[in-house]
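Asks: If you scroll down you'll find the structure; I have some questions about it.
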Amino acid sequence: MGQGGLLGKLFGRKGTGADSRAGSRMQTQTQTSTQSSASSRESVPQPRVQDAVPPLTIVSWDRDEALRRVLGAAADDLAVRQVLDLCDTLRGPMPPGSWREEMAALLADNAAGVAALRTIALRETPFDDPGADHRVSFARAVVWAVGLTEPGDAVALLVRVADLYGEPGRGRGYRSVALTAVEALGWIGGERALPALRQLKAQARLSAVRRAASQELDQTLGEENLSRADVPEWQAEDFELDRDGLRVIELDHGHTATIELAVDGTVTWFFRGPTGQRLPNKPQSLRADRAREAVELAGNLQTVVYAERFRLKQLMKDQRTLTYEDWMEFYLGNRVTGRLCRALVWESSIDGGEHWQRFLPTWSAHREAWLRLGEDGVTHDIAEESQARIVLQKHLTAAETRAWGSRLRVLRLTQPFKQLDRR
């Protein structure tokens, strides 16, 4: 199936898919347990883990002093308060259609409200603490609201939430929030959510999260009569980084903020003065909102890097082969994903997989093209008929591991995850 036809199908459900899915689920919740149907969408849903989670008894979010401290001045912003007040009204595991519509309207052109949701979602709530900041139902409502924001940002954030709360041995409140993040991904659907669900199915540490991701993945694919092999690639946000992983943001009074992405996935940021000197702290003359924008952008980049690192790790584990076009467009050609690709050992074939050549991808500014850097330090062109994949650790001999490890040390590159076992 061609990429355009597949994406057309997937995007076709974005406009009506969530509403129709919501209507179907709400209707099935009112059916008796004796009713049956051939379609899983029309059957009575089985109880989920979060259905059994009682809400913690706190009157409203704005009486949570710890949460107000985290939000700072944003806690008194009317646009933020309206979003969080609506989160406080949600009861039960599934938001009704009216709640979704109202929340989507509140979040439209509401950067402050979206930023507040992100802040809360990335801050782990101690549900097992007697002085818990806010109840489980509020945390789940925040996750559902995140799922109504721009999909490119929401998907990466929901994957992070599922991993943050989905650790084995935690209480049922944590598990409930992790499962809500998975379900929110299923409601988003489309080209971005499918790879994220596949990632969670394979990588989540909690078995309940893996099972939920598998179910949502199968349901979403089943609606389009697709298989898991049809899950399309997607383009990660590149945050306007350059080829070296840098972005310089002009601020007030000649100051700048520099955001840097290293090949191992580390994100750093710092300020420079009007003369170009690096400053140890935020300059006092800089407006707080401008500095906050730079810090928030770095935080958003960290979330996307987190998702892309796992995306590459799953690509390696699945031993999935990429076409030249997909490899260049969605991996090497992306300023975030491509940055992480540089320290990984790849292999390519031009004869349909009969013979493979291993290399590190390197960008040639002179040629304005990606080249293959061999174990011997010699670069070669990448043919357009190439297929590529990340070399699996067990396929490397001890000698190859040492050789590639030495090459990475010479280039001063650190891998985004452990591909080479150098013990």
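Asks: How far, in nm, would the chain grow between Leu413 and Arg123 when pulled straight, counting 0.36 nm per residue and subtracting the alpha carbon separation?
Replies: Stretched fully, the Leu413-Arg123 segment lengthens by 101.3 nm.
Asks: If packing is taken as the average count of other Cβ atoms within 10 Å, what order do 294-300, 371-377 fall into, highest mean first?
Replies: Ranked by mean Cβ neighbours within 10 Å, highest first: 294-300, 371-377.
Asks: Provide the per residue accessible area, probe 1.4 Å, for the stretch 97-249, rounded to a whole number of square angstrom.
Replies: 36
Asks: Now for a separate question. Quick check: residue separation of Arg402 and Glu65 times 0.36 nm, minus the Cα distance between them. What number comes out in nm?
Replies: 116.0 nm
Asks: For the stretch 216-370, what number results from the quotient of the Cα radius of gyration and 2.2 N^0.38 Å?
Replies: Ratio of Rg to 2.2 N^0.38 Å for the stretch 216-370: 1.30.
Asks: Shifting gears a bit: Translational D (Stokes-Einstein, µm²/s) of the stretch 65-199 at 4 °C and 1.567 mPa s when Rh comes from the Kirkwood sum over C-alpha pairs?
Replies: Using the Kirkwood radius from Cα pairs, D works out to 87 µm²/s.
Asks: Between the stretch 253-295 and the stretch 351-410, what is the C-alpha centre distance in whole Å?
Replies: Rounded to whole Å, the Cα centres lie 35 Å apart.
Asks: Also, I was wondering about something else. For the pair Ala108/Arg211, report the inter-label distance in nm, with labels modelled 7 Å from Cα in the Cβ direction.
Replies: According to this spin-label approximation, the distance is 4.0 nm.
Asks: For the stretch 272-313, with all protein chains present and a 1.4 Å probe, just round the carbon and sulfur fraction of the accessible area to a whole percent.
Replies: 49
Asks: Oh, and also: How much length, in nm to one decimal, is gained on full extension between Thr323 and Ala369, taken as 0.36 nm per residue of separation minus their Cα-Cα distance?
Replies: Here the answer is 14.9 nm.
Asks: Something else now. Hey, could you grab the Kirkwood Rh for the stretch 132-175? Inverse mean 1/r over distinct alpha carbon pairs, Å, one decimal.
Replies: Every distinct Cα pair counted, the radius reaches 11.2 Å.
Asks: Could you give the semi-axes, largest first, of the ellipsoid that matches the stretch 167-306, computed as the square roots of 5 times the alpha carbon gyration tensor eigenvalues and rounded to whole Å?
Replies: Taking √(5λ) for each Cα gyration eigenvalue gives 39, 18, 12 Å.
Asks: By a straight-distance test (C-alpha under 15 Å), which aspartates and glutamates pair with Lys282 as possible cross-link partners, with residues fewer than eight away in the same chain excluded?
Replies: Glu250, Asp252, Glu293, Glu296
The values are calculated or read from the model by the stated rules, or taken from the named source; none is laboratory data. Just so it is clear, the structure is predicted and the values come from calculations on it, not from any experiment. As a convention, Cβ positions derive from the backbone with ideal geometry for all residues, glycine included, and neighbour counts pool all protein chains shown. For the accessible areas, the whole protein counts, side chains as well, though only heavy atoms, and no ligand, DNA or RNA atoms are used. Shrake-Rupley method; radii C 1.70, N 1.55, O 1.52, S 1.80 Å.
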